[in-house]
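Q: Take a look at the following structure, please.
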Amino acid sequence: MPKASLSGDTLLRMLVAAIAETIARLAMLRTAGKFEQALEVIDQNLEELLGLKANLVRQLDDTKIVEMLTNNDFLDVASLYHVAETFRQEGEIRAEMGQAAEAQNCQVRALNLFLEVCFAVVNDFLEADDRVD
């Protein structure tokens, strides 16, 4: 497994801002009961992060997602964390929609990706450990 370390406060701040913005937008849509729109935001997020249509991303196994975010033996941990958080958010939305099986699938996928983040970084990364717990 490739090892990675985060360097640069700017990168970390940008990541935190992007994730916070996505979570806030999804929370607003969920509160308004606009679940389909929230899922569209999730699809857009996955497409931006991985460069593939969201339906194709969902067909990939977690190992392939990690491979896609690895370049020259360096894992883009920030993007992997963002993908994991996106799947976690999707799981929560699908649970609220009553789609238990889909919700569980998203939550398991998020857990697997958060574990990859935890194992890949030299230092603590955001609250990945809290997400795993």
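Q: If I go through the stretch 52-73 residue by residue, how many of them are in a helix (DSSP H, G or I) and farther than 15 Å from Ala120 by Cβ? Please lay out each step first, then the result.
A: First, pick out the residues of the stretch 52-73 that are in a helix (DSSP H, G or I): 54-59, 62-68.
Imposing the further condition that a residue be farther than 15 Å from Ala120 by Cβ reduces the set to 54-59, 64.
Going through the stretch 52-73 one residue at a time, the tally reaches 7.
Q: Is it the case that Asp43 is more than 12 Å from Glu116 (Cβ to Cβ) and touching a Pro at 6+ places or on another chain (Cβ under 6 Å)?
A: Considered against the rule, which asks whether it is more than 12 Å from Glu116 (Cβ to Cβ) and touching a Pro at 6+ places or on another chain (Cβ under 6 Å), Asp43 comes out as no.
Q: Return yes or no: is Leu49 assigned to a helix (DSSP H, G or I), hydrophobic (A, V, I, L, M, F, W, C), touching a residue at least 24 places away in the same chain (Cβ under 8 Å) and touching a His at 6+ places or on another chain (Cβ under 7 Å)?
A: Working: assigned to a helix (DSSP H, G or I): yes; hydrophobic (A, V, I, L, M, F, W, C): yes; touching a residue at least 24 places away in the same chain (Cβ under 8 Å): yes; touching a His at 6+ places or on another chain (Cβ under 7 Å): yes.
So Leu49 fits the description; yes.
Q: Name every residue in the stretch 58-67 that is under 21 Å from Leu26 (Cβ atoms) and either without any contact (Cβ under 8 Å) to a residue 24 or more places away in the chain or touching a Phe, Trp or Tyr at 6+ places or on another chain (Cβ under 6 Å) (or both), in order of residue number. Working first, answer last.
A: Here is the first cut: in the stretch 58-67, the ones under 21 Å from Leu26 (Cβ atoms) are 58, 65.
Selection gives Arg58 alone.
Q: Can you report the number of residues in the stretch 85-104 which are surrounded by 15 or more Cβ atoms within 10 Å (Cβ to Cβ) and outside any loop (DSSP other than H, G, I, E, B)? First the steps, then the outcome.
A: Here is the first cut: in the stretch 85-104, the ones surrounded by 15 or more Cβ atoms within 10 Å (Cβ to Cβ) are 85-95, 97, 99, 102-103.
Filter once more, keeping what is outside any loop (DSSP other than H, G, I, E, B): 85-95, 102-103.
Residues flagged as surrounded by 15 or more Cβ atoms within 10 Å (Cβ to Cβ) and outside any loop (DSSP other than H, G, I, E, B) within the stretch 85-104 amount to 13.
Q: Taking only pairs six or more apart or across chains, which ones have beta-carbon atoms under 8 Å, a first residue in the stretch 1-28 that is over 14 Å from Glu85 (Cβ atoms) and surrounded by fewer than 12 Cβ atoms within 10 Å (Cβ to Cβ), and a second residue that is modelled with pLDDT of 70 or more and of a type in the set (Phe, Trp, Tyr)?
A: Hits for this filter: Met1/Phe119.
Q: Hey, can you tell me all the residues within the stretch 56-79 that are open to solvent by less than 70 Å² (accessible area, probe 1.4 Å), polar (S, T, N, Q) and over 14 Å from the mean Cα position of the chain (by Cα)?
A: Across the stretch 56-79, the qualifying residue is only Thr70.
The values are calculated or read from the model by the stated rules, or taken from the named source; none is laboratory data. What you see is a predicted model, and the numbers here were worked out from it, not measured in a lab. Ideal geometry is used to build each Cβ from the backbone, glycine not excepted, and the neighbour counts take in all protein chains shown. SASA here: full protein model, heavy atoms, side chains in, ligands and nucleic acids out. Shrake-Rupley method; radii C 1.70, N 1.55, O 1.52, S 1.80 Å.
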